[in-house]
């Protein structure tokens, strides 16, 4: 049995509470927030949960094993450090920290204190991503060609981070989970239309050591909501439209075959291949429920974490490099 | 009355012939191609058109006023030069030339010889682009924010140029026609999955001197055919889906208002605005027919050309800069 | 201030409770159900609401002014009669009753007891229907031609009623609200693929005294979920796709003009007209919230009810006629 | 080798000529039409084809083996009779004749004269219908439940027939080809909004002797073009959207299992089943080309005709019954 606390119950915290609360192996003991109304909201829905304005009450509670941190990004490091130093496991909202140095420090600290860091890369636990991962792991896509993701809509402008820090953690964490490879470098471009130095439209190209390439388009100023990811390999290609209510993943039996030829004019010859398209049935479990299950499996039964501090660190590294690149008009930044 | 010849009747040439032929002010006198079967095909459909394997027969024909060049890009310069030197007007397939130096030379030569260069940026003549141009010119979009275009499918690999040179001339010429502004610099990235040095997936960011930004995604390796362009301004935003059979253009009365506030925490305040969406009825005239009309209006009645050599040059400059950038992993190249 | 009770808290009752509870002028005092688990569920979310297994406790409570009935259709009449006889206002789930005789009796009883009957035709309160009603009332559609509605999916088979009684009350109530006209007769066809005498696929044609015609297709055995309604008039035509997340209503400036001609061969001449398409922004208020507001406006401030017993009766009459027709293979049944 | 003539070269005739002309085993010798401009059009595209205003020239030509009739429906019978009496094979545009008596007479006459009647049910030769037929024949759909087809748009009003005679022959011929069963009766409803006695909106229900049911919705007054057919069986269900450029057929592994239970309350128990969805790659051959191939296979090599006079007769019978039913407000008409 785990006893949990939640720090920050604004937008995302209540979802964590709802899923922790529903899990038979977790008792949600307390939560904190600076805003009284948010605490009252939790209290009215979960009368048994203790609320406080001081998050140290939660960190100092010896009964608590696991603390979820759902506060603004720039507070993640300080609060997580305190949690880990108190010998407790921590679930940190994405992105894990504001800098990769901070993420590295937390990882070391957690290893020293023998506690677990979980980073809340929720998409990794969706039925769609699980299905794509399964296809990649079974080599059904063949050699991987590219990952191209578009995440745009007329979105809420953030006051502290640009559109990359706000939206791209989703795409980066998905890509990292699917490919499990370290990128080589980043080229990021974008523009700020408000004049506050925070880009609202941004494009990131992520190079790997071979011809695999990734591209992420994030945008707070799009008239239409688009959540569209293309993942192509030499054998099959996937279109994932997350706006689709049920047929999110389309697997195309399409591609090219590269034939080495003796033709003096062209040294290679391309053959096109098109076959059926398949929409697999996806696991409909709420992602956060599956994530909660993984956390309990790790802490109670020694399972392998799906998203640990290293995964969190990789996302922060890529965000950090993108930030440097975008400020220098696409200068290539090594990871 | 104009007398025309067509050099190159492979894929695009027959469309030029069909439209020139149907125009009451053009007589198509002759055409040339290196392949006999192509000439026979023209002959069977247009018994009155003279065919030849030697394009100089057309250039040397004193009756001919206008020659369309529909040959591979790397031959455009030589053939166009001969046409212009023979004192004839020329319509050149896009992209105009392989280098901006060549385009510049043709422009000077045409001015010296007092003939017209038309570049075949066909999309500029579609009902969709005309409608968007009209909205921009009436300032219905407000301050322009960005142009984002995706042109991808499992496309025919070219053996001589990469995917940018193959597909992006469409998007660049549309963007140039709509905005009529000179870009400042280019950042291009991409990957070659075949190993012949020609990128099959590419991304271009085009910077202007202010916060206007353009991005073009071209791809020969996409399972789905996407022709989607977003054009956003401070007042309205447009989604143009060229795959839609009839409702190609959606105009969203959506956007943000930036309010300067006295709030010490945030110096600007964003207000979101959403209203109706409108799909205007578009002019359904075939683009090439409208283009043909413009050519006759210029040559017979002194009208202003819609797409002249300077427009062709701008496209080539951007392609050229993209080529340099993509080979140096997104290095910013000034225009 | 109103004091309310809710009888039946299975699928729909909790939504009524949530909306009544959130309304500042309604106190939800109690609810009843035969199943203990459902009552416990309400109790845990609304600790202040009294629960009981005996609905008579609610009817006999002198403090209660308004009772919502969310029980199976065949119990609506008996329970509603008891509520009305107790001098209380009643909100009845659709369809109002199992027979039109029952609906008529309830209407008379309510008039005698000076209480209001509301029938829960929720769709009437959606932004989509309100917008269409507004267009019709302003005569923007011109002469009305037809109403064609498709409501199909792999739906939950009911054990007591066929697919018409289950799904068509939505479409009939929408149609009745929009047109406010009494149909002349019904032709219904369908098939039962299970063998229990309850049609799972059904088609209804509804005739009016002029050329206006309505058709409703309901189906529990469709692989795809379709919620598509066409409403056409001589001036404009509407496509309402309720599956669309935001652009539910498309208004087409399309139609025909009928020109009386002197041509001896054809006495009429048809001219086609196509213009822009417009998607108006819709009021996004939850329908049940708007419905709750109307109920309080009626009971506390004497407003006109949007959906009274007569509206409920009309739906039941059409269902009843459809039932007769479908059992006699499309025999026309007068209303 | 076959020598063919074509009577009627208005809308459809030129397509027949193009396909006959391209077939290596057919010589198109002559064609006729009452309008000179249509003949000139053929002449300019096919200088070798003889044209005439008198169709008897074609019928009386002893060299001709096969005559295609692409004239208005009410002339099909007289012309076909003359063709058959002249001992020639005939391809008749759909619908075959204006009455089933006429169709019967032509069938008998053809048998007597030992010639073949082909009816131009073109859809039967599409990749989509061939794939669905294949699935049904392999029993992949299980027991057939229903066929539901919608064929609507702002269509050309015909002056001589209603919307059923204009559009439904497509759906009826497809249904007949797929199921190969004789319907039991028809119920048809509809409305005429112009006042000339010809329905522009119509609905047909087709009953079979078991629970299989078909429904066809045809409409000349729809703002949107819809070509959507649902075909459901106990094992799988198909959605065929003919507007889709490439993924026309979706096969859903969805359905219900009916379990006989001992439960006293409900004698049957329904279990829902949902799995993957599959879009098979379809044969992209032009339907008319495949049809032409079948005709030559029949006439030159004794193959079985895909669409003979009996298929044409069945379509006419159903149209005839629909006509009777629609004029009597859905009165059930036996086939």
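Out of all the residues in the stretch B:19-35, which are out of contact with any strand residue (DSSP E or B) (no Cβ under 8 Å at 6 or more places or on another chain) and either at pLDDT below 95 or part of a loop (DSSP other than H, G, I, E, B) (or both)? Please lay out each step first, then the result.
Just the residues of the stretch B:19-35 that are out of contact with any strand residue (DSSP E or B) (no Cβ under 8 Å at 6 or more places or on another chain), to begin with: B:19, B:22-24, B:34-35.
Across the stretch B:19-35, the qualifying residues are B:22, B:23, B:24, B:34, B:35.
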Taking the stretch C:82-104 and the residues there that are in a helix (DSSP H, G or I) and surrounded by fewer than 17 Cβ atoms within 10 Å (Cβ to Cβ), the one that is farthest from the chain's Cα centre (by Cα) would be C:85
Residue pairs within 8 Å by beta carbon, gap of at least six or interchain, first lying in the stretch D:182-210 and without any contact (Cβ under 8 Å) to a residue 24 or more places away in the chain, second part of a loop (DSSP other than H, G, I, E, B) and crowded, with 24+ Cβ neighbours inside 10 Å, listed first then second, are D:191/D:199; D:191/D:200; D:205/C:330
I'd like to know if the stretch C:237-247 contains one or more residues that are part of a helix (DSSP H, G or I), buried (at least 16 other Cβ atoms within 10 Å of the Cβ) and away from chain D (no Cβ under 13 Å). no
In the stretch C:208-234, anything more than 7 Å from chain D (Cβ to nearest Cβ), closer than 24 Å to residue D:239 by Cβ and assigned to a strand (DSSP E or B) is listed as C:216, C:217, C:218, C:219, C:225, C:226, C:227, C:228, C:229, C:231
By residue number, the members of the stretch B:38-71 that are surrounded by fewer than 21 Cβ atoms within 10 Å (Cβ to Cβ) and at pLDDT below 95 are B:40, B:41, B:43, B:44, B:45, B:46, B:47, B:48
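Could you please give the count of residues in the stretch D:105-114 that are surrounded by fewer than 20 Cβ atoms within 10 Å (Cβ to Cβ) and touching a helix residue (DSSP H, G or I) at 6+ places or on another chain (Cβ under 6 Å)? Break it down into steps so the answer makes sense when it comes.
Kept after step one, since they are surrounded by fewer than 20 Cβ atoms within 10 Å (Cβ to Cβ), are these residues of the stretch D:105-114: D:105, D:107-109, D:111-114.
Then drop every residue that is not touching a helix residue (DSSP H, G or I) at 6+ places or on another chain (Cβ under 6 Å), which leaves D:107, D:109, D:113.
Within the stretch D:105-114, residues that are surrounded by fewer than 20 Cβ atoms within 10 Å (Cβ to Cβ) and touching a helix residue (DSSP H, G or I) at 6+ places or on another chain (Cβ under 6 Å) number 3.
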Residue D:142 passes all but one of the listed conditions (1) farther than 26 Å from residue D:247 by Cα; (2) in contact (Cβ under 8 Å) with a residue 24 or more places away in the chain; (3) assigned to a loop (DSSP other than H, G, I, E, B); the exception is number (1)
Only one of (1) modelled with pLDDT under 95; (2) within 27 Å of residue A:272 (Cα to Cα) does not apply to residue A:215, and that is (1)
Apart from one, (1) in contact with a helix residue (DSSP H, G or I) (Cβ under 7 Å, 6 or more places away or on another chain); (2) within 14 Å of chain D (Cβ to nearest Cβ); (3) under 18 Å from residue B:299 (Cα atoms) all hold for residue B:84; the odd one out is (2)
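Can you find, within the stretch D:248-266, the residue that is surrounded by the most Cβ atoms within 10 Å (Cβ to Cβ) among those that are within 11 Å of chain C (Cβ to nearest Cβ) and part of a loop (DSSP other than H, G, I, E, B)?
Of everything passing the filter in the stretch D:248-266, D:266 is surrounded by the most Cβ atoms within 10 Å (Cβ to Cβ).
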Quick check, is residue A:156 more than 21 Å from residue A:316 (Cβ to Cβ), out of contact with any strand residue (DSSP E or B) (no Cβ under 6 Å at 6 or more places or on another chain) and surrounded by fewer than 24 Cβ atoms within 10 Å (Cβ to Cβ)? yes
The residue that is surrounded by the most Cβ atoms within 10 Å (Cβ to Cβ), considering only those in the stretch A:163-207 that are more than 9 Å from every other protein chain (Cβ to nearest Cβ) and part of a loop (DSSP other than H, G, I, E, B), is A:199
Given the conditions (1) within 23 Å of residue B:149 (Cα to Cα); (2) at the interface with chain B (Cβ under 7 Å from one of its Cβ atoms); (3) touching a strand residue (DSSP E or B) at 6+ places or on another chain (Cβ under 8 Å), every one holds for residue A:272 apart from (1)
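Run down D:281, D:289, D:324, D:317 and say which single residue is within 14 Å of chain A (Cβ to nearest Cβ) and at pLDDT 95 or above. So that I can check it myself, show each step before the final result.
On the way: D:289 fails: within 14 Å of chain A (Cβ to nearest Cβ); D:324 fails: within 14 Å of chain A (Cβ to nearest Cβ); D:317 fails: within 14 Å of chain A (Cβ to nearest Cβ).
Step by step, each of D:281, D:289, D:324, D:317 is checked, and only D:281 is within 14 Å of chain A (Cβ to nearest Cβ) and at pLDDT 95 or above.
The values are calculated or read from the model by the stated rules, or taken from the named source; none is laboratory data. These numbers come from a predicted model, not from an experiment. In this analysis, Cβ positions are derived from the backbone assuming ideal geometry, glycine residues included, and neighbour counts consider all displayed protein chains.
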